[in-house]
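Here is the structure we will look at, set down as structure tokens.
Read-outs throughout are calculated quantities, based only on the coordinates presented, and are distinct from any laboratory measurement. Treat the numbers as computed from the prediction; the structure is a model and nothing was measured. When we count neighbours, we look across all protein chains shown, and the Cβ atoms used for this are built from the backbone with ideal geometry, even at glycine.
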Amino acid sequence: MNKPHWQQAAGLLMLTTLLGGCASFGQDSEPAKPLTAEALKLPAGGRAAVAADWWRQLDDAALNQLIQTALAQSPSLKLADARLREARAAVGLTESREGPQVSANASMDRERYSLYGLFPPPIGGNFYNVYTLSLGGSWEIDFWGKHRAEVKAALGNQQAIALEASQARLTITQAVIAQYTSLQRIQAQQDVLKARQQLAESRVALVRARVNAGLLSADALNQAEIQTRRLSQQQSALAADLDHARHALAALSGQTPDALKGLQAAAMKPAPQLQDAALTLDLLGRRPDIVAQRMRVEAMNESIKAAKAEFYPNVSLTGFIGQSALESGNLLKNQSRVLGITPAISLPIFTSGALQSNLAATRARYDMAVESYNQTVLDALRDAADSLSTWQKTASQLSDSRQATRLSRKDSDSTTARFKAGLVNKLAVLDAQEADLNQQSGHIDALAANRLAWSALNTALGGGFSTSEASQPTR
């Protein structure tokens, strides 16, 4: 007695599965291991107080507008957005392989049939037209989870690209702040330099009068005039730097070089304090570049599962239904109906090592993803540590600079008072004022350095990024 068809199919499936189990995955090496919290020995701690729009704490409307324009128009961010859309499309393409595929077909085939073939005369030996209308479908049944793993891998890659876009936005924001701060510093230094030039001109006039009176040698006048020329050169250099900063801001915000030609930055203010800034364990979840690399590791792990599934039998179901006739007038008649169904099982028995090589390559890509993650973690920790150290040092330097500026101003005022009392000459007053302006110039640089360090530290701590942004994949 013949067995039912379903029992025959089940038996065949079991047989091919057993045969598939004989295929070796090939030599397996010890996989790379991601750095763990224990290995990093980072202390646990609360989140640093970094807001998502942290740059607004600088309270500068012009800067806010530049950042908004850069985030909307930067070609780098548009490229990141295009890559994300491509990744989303790849997810959809991968998901489509999980379900059935249906296609329609309409054809007219003119063919001469062999006299000695399948069809006897009058068909054999003559030309006939064959008209066909049909619907065909196929479905590859995912018994071993291959397509499910491919979908998870594609989703992981999509999430990684989305997180890389977040990191790109953070990088662009920091770059805009850096160039804007440079613009502020140059403008402030220009004002100080103008005051120094006025002092230098006063000194030249005073020295010339003393040389003419025979109180000083001509060499003293030469030195005073050389100083005015040096200051003029510095002013030209600052003007060039000012143009370069505006050009850089324009490029960052996706504009032509002259788009910000008339931009005047607001006066530079001290950077806000950053509370609870420290290197703690949760830094690994606050930086989008780290989370992106972790997603790539998880995606490659799913790719390994998909590569292993290639070793097992592939079960598919195909079928068609339609109408077929030799004459167009008979095409839609009931007796012209055709249909067929084809269950199939394919088993890779001998592939000359292709499957093993594919699996080995996928494992190697997993190891590369792990090591890339590890390197990203180490670089991020170094970056955060450097930024924290620089912020602390520049804060200390700025405090010293404030005290030195107050003292230099006090000394300048005291010298002026002594001059009015007839205790010192005018050159002593000019020297004290020059020293005060030099200290003001140093204070401007210290203030700019502290603002840059504040921006870098906010960026190094993740810029307000939250892991919830990556917790749900977008299909």
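Numerical summary
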{"item": "Point-to-point label distance, ASP400-ALA44, nm (Cα→Cβ direction, 7 Å offset)", "result": "3.9 nm"}
{"item": "Förster radius 35 Å - calculated FRET efficiency between ASP191 and ASP431, Cβ distance, rounded to 0.05", "result": "0.95"}
{"item": "Helical contribution to [θ] at 222 nm, DSSP H n ≥ 4, -39,500 (n - 2.57), averaged over the chain, rounded to 500", "result": "-21500 deg cm²/dmol"}
{"item": "Theoretical gain in end-to-end length, ALA240 to LEU423 [0.36 nm per residue, Cα-Cα removed]", "result": "61.6 nm"}
{"item": "Eligible lysines near LYS152 by straight Cα distance, threshold 27 Å, same-chain separation 8 or greater", "result": "LYS33, LYS78, LYS305, LYS308"}
{"item": "Pair-distance profile P(r), taking every C-alpha pair of the chain, with 10 angstrom steps and integer %", "result": "4, 12, 16, 15, 13, 11, 9, 7, 5, 3, 2, 1, 1, 0"}
{"item": "Neighbour-count order for ASP436, ASP386, ASP53, ASP142, fewest beta carbons within 10 angstrom listed first", "result": "ASP53, ASP386, ASP142, ASP436"}
{"item": "Top positive-direction residue, dipole computed over segment 159-265 with Cβ charges, set LEU221, GLN179, ALA251", "result": "LEU221"}
{"item": "Cβ-Cβ FRET estimate between ASP379 and LYS261, R0 fixed at 56 Å, reported to 0.05", "result": "0.90"}
{"item": "Nearest-ten-degree value, helix 146-212 long axis tilted from longest Cα axis of the chain", "result": "20 degrees"}
{"item": "Cα centroid separation, segment 333-385 to segment 216-236 (Å)", "result": "73 Å"}
{"item": "At R0 = 22 Å, FRET efficiency that the Cβ-Cβ distance of SER76 and ASP53 yields, to 0.05", "result": "0.65"}
{"item": "Paramagnetic label zone (point 7 Å from Cα along Cα-to-C-beta, THR228; backbone N under 15 Å) in segment 196-218", "result": "196-212"}
{"item": "Rounded tilt (10° steps) of 354-420 against the dominant C-alpha axis of the chain", "result": "20 degrees"}
{"item": "Binned Cα-Cα distance frequencies in segment 288-427 - 5 Å width, integer %", "result": "2, 8, 7, 7, 6, 6, 6, 6, 6, 6, 5, 5, 4, 4, 3, 3, 3, 3, 2, 2, 2, 2, 1, 1, 1, 0"}
{"item": "Exposure proxy ranking, count of Cβ atoms within 10 Å, fewest first, for LYS33, LYS305, LYS152", "result": "LYS33, LYS305, LYS152"}
{"item": "Ordering of 174-187, 128-141 by burial proxy (mean other Cβ atoms within 10 Å per residue, highest first)", "result": "174-187, 128-141"}
{"item": "Computed lengthening from ALA213 to THR318, 0.36 nm per intervening residue step minus Cα-Cα distance", "result": "26.7 nm"}
